[in-house]
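The next block holds one structure in the form of structure tokens; read it before the comments.
The values are calculated or read from the model by the stated rules, or taken from the named source; none is laboratory data. Not measured: the values here are computed from a predicted model. Positions of Cβ are backbone-derived with ideal geometry, glycine not excepted, and every protein chain shown enters the neighbour counts.
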Amino acid sequence: MTVRSLAIIAAVAAGALLAGYEVADADEVVPTPSGFVGFCTLNISMCWKSDPEPAPLSMRDKIIARNRQVNDALFDAKDYPAPQRVSLIAPKGLADCEDYAVTKRFLLLWDGVPAGSMRLAVVRRMRSTQLHVVLLIKIGAATFILDSLNNLVLPLESSGYQWIAVERPGEPMTWSKP
């Protein structure tokens, strides 16, 4: 077995997307969160490189509807015991913030939203030590947040979050400090 194979297996076994995650300096490339590495190992087509391109403005209503649909269809796992790994979740399933974000990305890809318009981001809520994951999507010239904590699709500037790390545009396996 190669060192790379062992590293991937270790990342999958490590569990949660945010396990051991630390704040990085600005513009610094940071390690891809371990849970996301495991997710990409099992869901390769969700993690291919793509050309960064915005979603067309004509898709905005579909994106807003999909955000609400996923938020309304899943149950927050913080209230229930659930395995700590990143997963696509079916309606009425238990999910944490990572699961909400990758499920939204998956469904939006099927809706025809360009892969290069979407990025996952690790954030910290103001006045909190807890990390959280959201899906960012560029629609036209603006970037919006699809969040499991809010059915509104808000502009990036309105988040109230501290930005910890984000996927590089079109490169899901490369993360950096925003």
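Miscellaneous remarks
- Subset of region 44-57 [within 15 Å of Glu98 (Cα to Cα) and touching a Ser or Thr at 6+ places or on another chain (Cβ under 9 Å)]: Cys47
- Of residues in region 49-63 being within 17 Å of the chain's Cα centre (by Cα) and more than 13 Å from Ile137 (Cα to Cα), the one surrounded by the fewest Cβ atoms within 10 Å (Cβ to Cβ): Lys49
- Candidate set from region 146-157 (those that are touching a strand residue (DSSP E or B) at 6+ places or on another chain (Cβ under 8 Å) and more than 21 Å from Gly35 (Cα to Cα)); member that is surrounded by the fewest Cβ atoms within 10 Å (Cβ to Cβ): Pro155
- Ser34 vs. criteria buried (at least 20 other Cβ atoms within 10 Å of the Cβ), at pLDDT below 90 and not aliphatic (A, V, I, L, M): yes
- For Ala115: the one exception among (1) under 18 Å from Leu42 (Cβ atoms); (2) at pLDDT below 90: (2)
- Ser158 being in contact with a His (Cβ under 9 Å, 6 or more places away or on another chain) and small (Gly, Ala, Ser): no
- If you filter region 118-145 down to residues that are surrounded by fewer than 18 Cβ atoms within 10 Å (Cβ to Cβ) and more than 23 Å from Ser50 (Cβ to Cβ), you find that the one that is farthest from the chain's Cα centre (by Cα) is Arg127.
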